[in-house]
Structure formats: structure tokens, C-alpha cells
Amino acid sequence: MDGKKVNEWMASRKQHREKLNADDLFTALRAGDRTALSSAITLIESTLESDQRTGSELIQRCLPFSGNSIRIGITGVPGVGKSSFIEAFGQEWLKLGKKVAVLAIDPSSERTGGSILGDKTRMTELSQQPDVFIRPSAAGATLGGVARRTRETIILCEAAGYDTILVETVGVGQSEILVHSMVDFFLLLLLAGAGDELQGIKRGIMEMADGLAVTKADNDNEKRARLAARELKNAIHLFPPTPSGWIPEVHTCSALTNTNIDTVLEMITRFEAHTKINGFFKKKRKEQNLYWMHETLKVLLLESFTRNQELQQQLAVFEAAVSNGELSGFEAAEKMYALYKTKA
């Protein structure tokens, strides 16, 4: 693309952005316009103050039309085949007449924007379906910021008519906890023979899981997958009871042969029915809303602190004093907080 075409493209993009407003975006989004949905997500990802105001207004407009979906978190170790699983899993939901949105939390890269961009090229069939929307969460300076945008993206997707939301964790560690705090069902994918089925490092994530699936249960690996599933079922009985009253299930599946993918879907459907009957589904949604109110407040307070240049200069002075042993870390923090209150 030559310089003239680049300038023309940039000018058209600027003109398009200037035309963005909450009313037009909301109308187009509710009509099922995927371009409008993409523009709306770009708007809430923006750090411009004007865009943030418009984005907040749009979210408020969409809120009454959100919540009518099943939100499913999907996580697993690298190499477990999340992309292949989501490709096959999404197709099963489409057979039921559902509209599927695939989102991701990836705090690992500020340059690439997340590896789900690569995943999208591998989800060749799913990404071409008219009732499927695939979008990465733009990586940001803080995981909390990424999670907040994903949370708002879920609201936009639901308002646009997507009734099945798949949230994939691309990063590792804290991202699983954040995804768990914004979904209804948390699915853990595991590999047979990888040596991590019962390791302590996975126990915390396993205890969060509402269901487990041992992937790549095909060909020579099928027997190992069944053995791993049996070990996992035994391990689950040692975990404390879940607040939902649901006993996590363990299944084997293969995206390659499309084996038992429908079984995983049926498990989630049973979980949804179970938790809606006993009231846990609605209770958890309310708790999540309150949790994200407090988390967003923390992010906003931190942003206001880091954006104040005078505070940042004073912070550097206190850091040097703490490093030199002239001041305790506790006292330095208290002094910084007192200074922040005078500037807030």
C-alpha cells in the first residue's frame, strides 16, 4: 500500500471514529451488525477520555439487553488444544441454533494484542460462520484493565444477540482467576500423560473448575486419556463441596475426531439447569457484578494515581529512601497516601 492510500485509509478511519456515537452504535448493534459490534468494542478499549464517555454511555444502553446467555470460561495448559476444541465446540452450539462469541483474556503481550489473533486463523470454519464473532481482548498495562474490557465486551455481545459466550484464557496464572469471576461455567482442559493432572500447582485451578475434559482422546492416546479421566474423577472427590451443589464432571474428548464434544456441551446444559433451579446461577451473577464494581474502582484509583506526574516524582523520591534504608516501606506508603489525598 503506497503512502497516498495509507493517508486515505487513515483519513477514512478518523472520519469513521468521529461519527461514532452511542445512539447509532446501539441501534446497529441491536440489529446484529457485526461491524458495529467491532466498533463498539474498539470504543471501550480506547484510552481517550471522549471515547470512554461514549463507551460508558453505550454500555449503560446495552445493560438491559444483556445477561441472556451462558458464559463459559475455557482454560488449559499450552498445547492442550484450546483452539481446536473451541472450533469443534462452537460448531456444536451452532447446531442448536445458538449465536457464539469467542473472547480472550491475554495480558502477556502489549505488542501483539494476544495470541488469539493466531487462533482465529486456525478456527477456519468457525470464524466464517455468520452467527460467530471472534475477538481478542487488547492486551494492556494491567491485567485488571484487560479483564474489565472483556467484561464490558461480554455485555456488548449479549446485547448484540450472542447467547453463547466463550471466554478463553490465553495467558497463565492470574488470568484463570479473572475469567472464573466473569463466567457461569469454568471448563478446564487437560492433556493425558503430561504429568500435570494431579500436581499441586493445578489444584487451585481444578477446584475452580465446574467441569474437566481430557483432550486429544484419539488414536494411541485414547487409552491414556481414559486413565487420566479416571484419576481425575477420584481426585475430585477429595475436594471440598462446591457452593453450587454441583459435582464437577470429567470427560474425555477429541476435536480431531469430534468425539464427545457434544457430551461436554450436554454437561454444561445440565449445570445450567441445576444452578438455575437451586438459585445459584442468579446468585453468582449478582456476586460477580458486585465484585467487578469493586475491581473497577481499584483500577480507576490506580490509574488516577499513576497519571499524576507530581505524585510519580515524589514516589521516586520515597523509593530511593526505602532502598537506602532511610525510610520503612510502610511509612513511605502512608506518606504517599497522605499526599495522594491532598491531590485527589
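General remarks:
- Taken one residue at a time, the phi angles of segment 73-87 give Karplus couplings (6.51, -1.76, 1.60, θ = phi - 60°) of x, 10, 9, x, 5, x, x, 6, x, 4, 5, 5, 5, 5, 4 Hz. Gly and Pro are set to x.
- Per-bin percent of Cα-Cα distances, segment 173-317 [5 Å]: 2, 8, 15, 16, 16, 12, 8, 7, 6, 4, 4, 2, 0
- Here is the tail figure for segment 245-344: Cα pairs spaced more than 15 Å apart come to 76 percent of all pairs.
- Taking each residue as 0.36 nm, the span from V77 to L48 lengthens on full extension beyond its C-alpha to C-alpha distance by 6.9 nm.
- V167 long-range amide H proximity, modeled H, under 5 Å: I72, G73, I74, L103
- FRET E, pair D33, T269, Förster distance 30 Å, beta-carbon r, rounded to 0.05: 0.55
- Inter-label distance for A235 and N68, nm, one decimal - labels placed 7 Å from Cα along Cα-to-Cβ: 4.0 nm
- Using a Förster distance of 30 Å, the FRET efficiency for L301-E326 (Cβ separation, nearest 0.05): 0.65
- One chain, two ends: N278 and E207. Fully extended at 0.36 nm per residue, the span grows by 23.5 nm beyond their Cα-Cα distance.
- For segment 292-343: Kirkwood Rh in Å [reciprocal of mean 1/r, alpha carbons]: 11.8 Å
- Rough spin-label spacing in nm, given labels placed 7 Å along Cα→Cβ, for I177 and H294: 1.3 nm
Only the coordinates and a few stated rules stand behind these numbers; no lab work does. Fair warning: this is a prediction, and the values are worked out from it, not measured in the lab. Ideal geometry is used to build each Cβ from the backbone, glycine not excepted, and the neighbour counts take in all protein chains shown.
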